[in-house]
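The values are calculated or read from the model by the stated rules, or taken from the named source; none is laboratory data. No experiment lies behind these values; they were computed from the predicted model shown. Quick reminder, even Gly has a Cβ in these numbers, built from the backbone with ideal geometry, and neighbours come from all protein chains shown. Quick note on the areas: whole protein, heavy atoms, side chains included, nothing else; ligands and nucleic acids left out. Shrake-Rupley method; radii C 1.70, N 1.55, O 1.52, S 1.80 Å.
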Amino acid sequence: MNFEQELEHRVTEIEAVLKSYLPAEEGNPQAGCTETDWAKTVITAMNYSVNVGGKRLRPLLMLETYRLFGGVSDVIKPFMAAIEMIHTYSLVHDDLPAMDNDEYRRGKKTTWVVYGETMAILAGDGLLNYAFETALKVFEMPGSDAAKSAKALSILAKKAGIYGMIGGQTADIEAENLGDNVTLEHLLYIHEHKTAALIQAAMMIGAVLAGANDAQISLVEKAAYEIGVAFQIQDDILDVTSNLETLGKPVGSDAKNQKTTYVTIKGIDAATQEQRAMSDHAIEQLQSLEKEGFQNDFLTELVRSLITRVK
Ligand code: GRG
């Protein structure tokens, strides 16, 4: 199998894991007002949001980092589902009229367009909460290690929170009022927190659950920072160079919203060069673990593929 086929195969496996952790769409809202019945509407909106697709990059990076450090058990699975739920909630809320007001995501109508704004807010809330309900299932699994599981949960909570993704989104919203006065430092804060934090969480949780030591977890955190920022710079580049069909969402939205991006500050050539340098450095960091006996060539290829991703 070549890399593309292997990737497809592994994403299919991840889809099955995600599906197995999604809440059941039970009950009939018309039939009465039992707890389950009324919840069905929000559950359906939550499942729609996850099932419309996506690259599943965060669970993929989590699983491959887990494998890098020799992890083989199922304890990683609830965390793989949880991180995709958190990522999906962030997209559902980001698309709302009060935020980016986007009608398309992953090639499909956004959750608020299909279910209405109020239900989309609740679906996002539901996904965030259900992510933690899902991750907590690790404690019921045979062979799970309580200390490692608690550490993984704490990373997930922190990187998704006010000192992570929500902090980054806040800085991004505030940048909208600054026009051309957004500095590179401000932009890097946004990229580090809004985008890289969840990628760091994914890879660090994989490392923690596989038993990596503190130095190795710290190396993974730094490499994931570069992977995350490079990933976001490529997102900025694709917003200028791609099209709706390939990307699954409208292009040119940064220019339309007069947003400062890596491309507007540095220009496309320098942004591309820096994005590549960051990815190359992250790969070198991960490969430096080979001398300690840890190697995952698929993970290296995956990170390399993000440099030239088209969606
Ligand atoms: C609303 C708290 C809150 C946060 C929103 C993630 C986010 C913060 C906003 C979404 C918009 C955006 C461009 C975020 C940067 C991260 C990013 C590139 C997300 C898209 O991730 P992909 O490309 O998406 O992995 P798929 O659809 O493939 O899963």
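Test of understanding: what is the full-extension gain from S253 to E26, defined as 0.36 nm times their sequence separation minus their Cα-Cα distance?
77.9 nm
Quick one: ranking Y189, Y66 by accessible area, 1.4 Å probe, largest first, what do you get?
Working: Y189 95, Y66 10 Å².
Most to least solvent-accessible, the answer reads Y189, Y66.
Just from its helices, what would the mean residue ellipticity at 222 nm be for the chain, if runs of 4 or more DSSP H residues each count -39500 (n - 2.57) and the sum is divided by every residue, rounded to the nearest 500 deg cm²/dmol?
It lands at -21500 deg cm²/dmol.
Go ahead and set up a Gaussian network model of the chain, Cα springs under 10 Å, then flag whichever of P78, P250, P97 fluctuates most.
In this elastic network of the chain, the residue with the biggest mean-square fluctuation among P78, P250, P97 is P97.
With a 1.4 Å probe and every protein chain kept in, tell me what percent of the accessible surface of the chain is carbon plus sulfur.
53
Name the shape class, rounded, prolate or oblate, that the alpha-carbon gyration tensor gives for the stretch 191-311, where a ≥ b ≥ c are the square roots of its eigenvalues, rounded holds for a/c under 1.5, and otherwise prolate holds if a/b is larger than b/c and oblate otherwise.
prolate
Return one whole number: the accessible area per residue of the chain in Å², for a 1.4 Å probe.
Normalised by residue count, the accessible surface of the chain is 46 Å².
If we restrict to alpha carbons, what Rg and Dmax does the chain come to, in Å?
19.3, 62
Using a 10 Å cut-off on Cβ atoms, rank the peptides 200-206, 237-243, 90-96 from the highest mean neighbour count down.
Top of the packing list down: 200-206, 90-96, 237-243.
Using packing as a proxy for protection, rank 140-146, 48-54 so that the peptide with the highest average count of other Cβ atoms within 10 Å comes first.
48-54, 140-146
Can you give the convex hull volume of the alpha carbon atoms of the stretch 1-153 per residue, in Å³? List each step's numbers first, then the result.
On the way: hull volume 19.9 nm³, N = 153.
Measuring per residue, one finds 130 Å³ for the Cα hull of the stretch 1-153.
Given points 7 Å out from each Cα along the Cα-Cβ axis, report the A277 to A150 separation in nanometres with one decimal.
Spacing of the two 7 Å Cα→Cβ label points: 4.3 nm.
Taking only the alpha-carbon positions of the stretch 97-176 and ignoring solvent, what does the Debye formula give for the base-10 log of I(q)/I(0) at q = 0.13, 0.18, 0.20, 0.22 Å⁻¹?
Debye output, listed in q order: -0.59, -0.93, -1.02, -1.09.
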